[in-house]
Amino acid sequence: MHIVTFTDGGKKGEEFVHPIIDIGKKGTDISDPEWDDRLYREIEKIKPDVIHIQHEYALYNYNEDFSSGLFRPFFKWKVEAHTPVVVTFHSVYTVLDRLESDYMDVCLALINAGVVHEEYQKIYLPVNIGRLPQNVYVIPHGAKDIKPYENAKEEFGLKGKKVVGLIGWWEANKGFERVVKIWPEISKQAGRNVVLVVAGDARPGSKSGQMYKPKLLQAIKQSSAKNSIKLVMGSFSPEEYDKILSSFDLMVLPYSRASQSGNLAHAFALGVPCIATAMEGLKAEIENSNGGVTVPLNDDVELEHAITHIMKHEELRKRYAANAAKHVTKQIKWSIVARKHATLYQKLIAELREEFKPKKKENQL
């Protein structure tokens, strides 16, 4: 397997890794207007049997073009290269706005297969794009088969503490400041031994993230319970990310908009139960796993009660943690998800071979 990635996603010379998509000073914006042609040419050299794109709008956004720059390589792979293309869509909501629905409609017309992580995302697609696509498949968001770092709490100065955690790129829709604002009451009710960890940073190049960052930092600074809040800032490596997650006893995802969350899947992989907003894939995954609880959208009272209740009842927290780990083992660990992808790849390759198979000449008189 070859991985074509951004220049900050791998080192030149690393086997089977091609870091060829530039990132400009703004961060996630793609700096070269011809990045899509460079992407096409690099993959043409690899000559893959299948091309699989992990799609997130911001990742492929050049000059606010809503990542429509992918349309050109999609078209060329279909018409010129005759290579099957799979796209996993990470932002698929029950209700898509006009740009999102148009984007999905065009993409699904150009590619061989679209992958979504939840069944409801497939069910609602026809309502959003106005037709019934035949090339959409449901494959769950995978999770690593990994054990928690044993000394994670000690490494972050949290030995003997019970940790509630927030982690990820800081954006307004994540709602992290809501937890910070209700933390004084949670700290009072749950006990002095409970600590809130806020980990992450604003994504470089994200205007909304850079605007949200001062708001979150100010909320922490002004909190009357700031002595029980630990800030861990940075863009984390996979190892750092796993260590931070391993220090959590409970993770909170108080999002106001999300289709699903990789953070949720990774927390489950490390046996960390979660509290999440009762919406979209967050709600579906919590209910499927029983690895935590959901709270109503923007309801700080219920959010405060849920965090306090779980942190005060250790047996309940452990039960959710065990359920989360079991869900990974039975449903979403990478070996299971990989087999489902491999089956899809084989199907697409077989269909392409059948399409271009030389046709037998009919007997001529």
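The values are calculated or read from the model by the stated rules, or taken from the named source; none is laboratory data. Values in this document were obtained by computation on a predicted structure and should not be read as measured data. Backbone-built Cβ (ideal geometry, glycine too); neighbour counts: all protein chains shown.
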Q.
Going by what's in this entry, would Ser224 be described as in a loop (DSSP other than H, G, I, E, B), of a type in the set (Ser, Thr, Tyr) and either out of contact with any strand residue (DSSP E or B) (no Cβ under 8 Å at 6 or more places or on another chain) or in contact (Cβ under 8 Å) with a residue 24 or more places away in the chain (or both)?
A. yes
Q) Does region 181-201 include one or more residues that are under 24 Å from the mean Cα position of the chain (by Cα) and not in a strand (DSSP E or B)? A) no
Q) Of the residues that sit in region 289-317 and are without any contact (Cβ under 8 Å) to a residue 24 or more places away in the chain and either of a type in the set (D, E, K, R) or part of a helix (DSSP H, G or I) (or both), which one is surrounded by the fewest Cβ atoms within 10 Å (Cβ to Cβ)? A) Glu315
Q. Residue check, His82 against (1) in contact (Cβ under 8 Å) with a residue 24 or more places away in the chain; (2) within 22 Å of Ile51 (Cβ to Cβ); (3) buried (at least 16 other Cβ atoms within 10 Å of the Cβ), all met but one. Which one?
A. (3)
Q.
Being under 16 Å from Leu250 (Cα atoms), touching a Lys or Arg at 6+ places or on another chain (Cβ under 6 Å) and not in a loop (DSSP other than H, G, I, E, B) is the filter here; which residues of region 137-167 pass it?
A. Ala152, Lys153
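Among Phe89, Phe71, which is touching a strand residue (DSSP E or B) at 6+ places or on another chain (Cβ under 8 Å), among the aromatic types (Phe, Trp, Tyr) and at pLDDT 90 or above?
So the residue among Phe89, Phe71 that is touching a strand residue (DSSP E or B) at 6+ places or on another chain (Cβ under 8 Å), among the aromatic types (Phe, Trp, Tyr) and at pLDDT 90 or above is Phe89.
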Q: Answer yes or no: is there a residue in region 162-175 that is under 20 Å from Ile332 (Cβ atoms), surrounded by 15 or more Cβ atoms within 10 Å (Cβ to Cβ) and at pLDDT below 95.
A: yes
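Considering each residue of region 200-218, count those that are charged (D, E, K, R) and farther than 18 Å from Leu253 by Cα, and give that number.
So the first thing to find is which residues in region 200-218 are charged (D, E, K, R), and the list is 201, 203, 207, 213, 215.
Still in the list and also farther than 18 Å from Leu253 by Cα: 207.
Here the count works out to 1.
Which of the residues spanning region 227-279 are part of a loop (DSSP other than H, G, I, E, B) and aromatic (Phe, Trp, Tyr)?
Phe236, Phe248, Tyr255
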Q: Please verify whether region 282-294 includes one or more residues that are assigned by TED's automatic domain parsing to the domain that holds Gly168, more than 26 Å from Val92 (Cβ to Cβ) and touching a Pro at 6+ places or on another chain (Cβ under 9 Å).
A: no
